[in-house]
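Scroll down for the structure; my scribbles are underneath it.
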Amino acid sequence: MESRQYFDTVAPQWDNLREGFFSEAVRERAFDAAGTVAGNLAADIGAGSGFVTEGLLKRGLRVIAVDRSEAMLEEMRRKFGEGGAVEYRIGEAESLPVAGGSADYVFANMYLHHVESPPAAIREMTRILKPGGKLIITDLDRHDFDFLRTEHCDRWMGFDRPDVARWFAEAGLVDVKIDCVGENCCAASQSGCGKAAVSIFVASGMKI
Ligand SMILES: C[S@@+](CC[C@H](N)C(=O)[O-])C[C@H]1O[C@@H](n2cnc3c(N)ncnc32)[C@H](O)[C@@H]1O
């Protein structure tokens, strides 16, 4: 199955699936790295059914949630409604539907390993940040669990942290830090290929 079709199909079950993969500690770690301030504007890229958005709303932020899957955005609308602190926008990694220099923070959780070009996606997320704004990416360290590609439509088998740090720097971000979130992303194969447990990193950088 192709990635777009996969996420359209799993959208109604994504919250349950996600709970089995990783906990809310992941988004809390991302928010701590950003030092979020209530009232500020965050973009949640590859927002899915709103895992990160939900946490941002609880912290009093306004959110632009972007995803290529209309089915995922529909799940968010059902949960968070219209006319509140979230704007839902359909969009692609290469050309995000967000004005340049407009966001205080950009978050992307478990999104980077699905995009075609991670460095280009990082450049595009940096474009929409205000000067002084922060990009925070939580994603998988490099692994060799091939069933995550064949069964979960992952495009990349995680990342080497030095590559991520270089892509941040090349996008013009400074004060780049990459740390362990302190928890694994866990998934069991549906076709008998065992169980994956992959460490999660949190990468942060500031636009100058
Ligand atoms: C693994 S899910 C993560 C969802 C959410 N961030 C979470 O933590 O639960 C990846 C999301 O990225 C979206 N996505 C994948 N590739 C994309 C692209 N090229 N442009 C925009 N969204 C994309 C998918 O539709 C999916 O909702």
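The values are calculated or read from the model by the stated rules, or taken from the named source; none is laboratory data. Here the structure is a predicted model, which means the values were calculated and not measured. Cβ sites come from the backbone with ideal geometry, for glycine too, and all protein chains shown count toward neighbours.
Before moving on, here are some points about what is shown:
- Residue check for Val66: within 8 Å of the ligand (Cβ to nearest atom) and part of a helix (DSSP H, G or I): no
- Of all residues in the range 45-60, those satisfying the criterion of being more than 8 Å from the ligand (Cβ to nearest atom) and buried (at least 24 other Cβ atoms within 10 Å of the Cβ) are Thr53, Leu56.
- Within the range 78-125, considering residues that are in a helix (DSSP H, G or I) and within 12 Å of the ligand (Cβ to nearest atom), the one surrounded by the most Cβ atoms within 10 Å (Cβ to Cβ): Met125
- Residue in the range 99-121 that is over 14 Å from the mean Cα position of the chain (by Cα) and β-branched (Val, Ile, Thr) present: no
- You will find that of Ala34, Ala30, Ala25, Ala42, the residue that is more than 8 Å from the ligand (Cβ to nearest atom), within 17 Å of Phe80 (Cβ to Cβ) and in contact (Cβ under 8 Å) with a residue 60 or more places away in the chain is Ala42 and no other.
- When each of Asp141, Asp175 is tested for being at pLDDT 95 or above, over 16 Å from the mean Cα position of the chain (by Cα) and of a type in the set (Asp, Glu), the lone residue that passes is Asp175.
- Matching residues, the range 128-138, being away from the ligand (no atom under 14 Å from the Cβ) and either crowded, with 19+ Cβ neighbours inside 10 Å or at pLDDT below 95 (or both): Leu129, Gly133, Lys134, Leu135
- Any pair with Cβ under 9 angstrom, 6 or more apart, that starts in the range 56-67 at a residue that is closer than 16 Å to Ala25 by Cα and modelled with pLDDT of 95 or more and ends at one that is surrounded by 24 or more Cβ atoms within 10 Å (Cβ to Cβ) and among the aromatic types (Phe, Trp, Tyr): Leu56/Tyr105; Leu56/Phe107
- Test: residue in the range 3-22 that is at pLDDT below 95, surrounded by fewer than 20 Cβ atoms within 10 Å (Cβ to Cβ) and more than 12 Å from the ligand (Cβ to nearest atom): no
- For the range 170-196, filtering for residues that are on the phi < 0 side of the Ramachandran plot, surrounded by 12 or more Cβ atoms within 10 Å (Cβ to Cβ) and without any contact (Cβ under 8 Å) to a residue 60 or more places away in the chain leaves 10.
- Listed conditions (1) touching a Lys or Arg at 6+ places or on another chain (Cβ under 6 Å); (2) more than 20 Å from Cys186 (Cα to Cα) are all met by Met125, apart from (1).
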